Amino acid sequence: MPSAPTLTEADVTRLDQVGFAAAAGLLARYGLQLVHVAPGEAIPGSFWGDEEAGIIGTTVYARGDTPVHSLLHEAGHLIVLPPERRAFVHTDATDSIDEEDATCYLQIVLADELPGVGRDRLMADMDAWGYSYRLGSTRAWFEQDAENARCWLVEHGLLDREGRPVFG
């Protein structure tokens, strides 16, 4: 069986490829707003800078060149927080390991909700971008080492028992 091609940072799926409306619609299902930032402008609330998504309150900021994994990750940070904590978020959402793990798991699940993305592509994009897991890949972590994150999301009502997102 031939191996899948290796992606580079330049190959990752970007917001322009998915479409702003699809991403904004997904985030709206969680009571979040997506704000489109003009090309070349700094992204408000971006922890990493450059083209990485940003968060302030219940708003996610992204440009067309923002990687979808970054958009979903930052949105995931807001989704895993109780609504009363979201209002105080600016750039850095949490220092909780449980919330970070839940965010990584949720971003993968949410990729299935975006046309042309899906979890397989998102995990490949995450690996290309440099996400690091002790089992060596995002897929290995998701399939073999993320039960704690999945359980956390189920316990907090963000996934159903079958692992599908619960929109609120």
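Before moving on, here are some points about what is shown:
- Net charge dipole size for segment 14-168 [Lys, Arg +1 and Asp, Glu -1 on Cβ; Debye, nearest 20]: 360
- Close amide-amide hydrogen proximity is noted between L159 and V154, V166, each under 5 Å apart and 5 or more residues distant or on a separate chain (H modeled in the peptide plane; Pro and chain starts excluded).
- Fluctuation leader among E100, E143, E74 - the chain, Gaussian network, Cα springs under 10 angstrom: E143
- D50-E147 pseudo-label distance in nm [points 7 Å out on the Cα-to-Cβ vector]: 3.6
- Here's how it looks for L34: its modeled amide H is under 5 Å from those of V60, which are all 5 or more places away or on a different chain.
- FRET efficiency for T8 and V166, using Cβ-Cβ distance with R0 set to 35 Å, rounded to 0.05: 0.50
- Potential extension, T94-R134 segment - 0.36 nm per residue separation minus Cα distance: 12.3 nm
- Dipole-positive endmost among T138, S96, L71 within the chain (Cβ charges, Cα centre): L71
- Gaussian network model of the chain, springs between alpha carbon atoms under 10 Å - residue of F88, F20, F47 with greatest fluctuation: F88
- Each Cα pair under 8 Å and six or more residues apart adds its separation to the average, and for segment 14-155 the resulting relative contact order is 19 percent.
- Distance between the pseudo-spin-label points of D120 and H36 (7 Å out from Cα toward the beta carbon): 3.0 nm.
Computed from the coordinates by the stated procedures, all read-outs in this text should not be read as laboratory data. This one's a predicted model, so the numbers in the text were calculated from it and none came from an experiment. With ideal geometry, Cβ positions are generated from the backbone for all residues, glycine too; neighbour counts draw on all protein chains shown.
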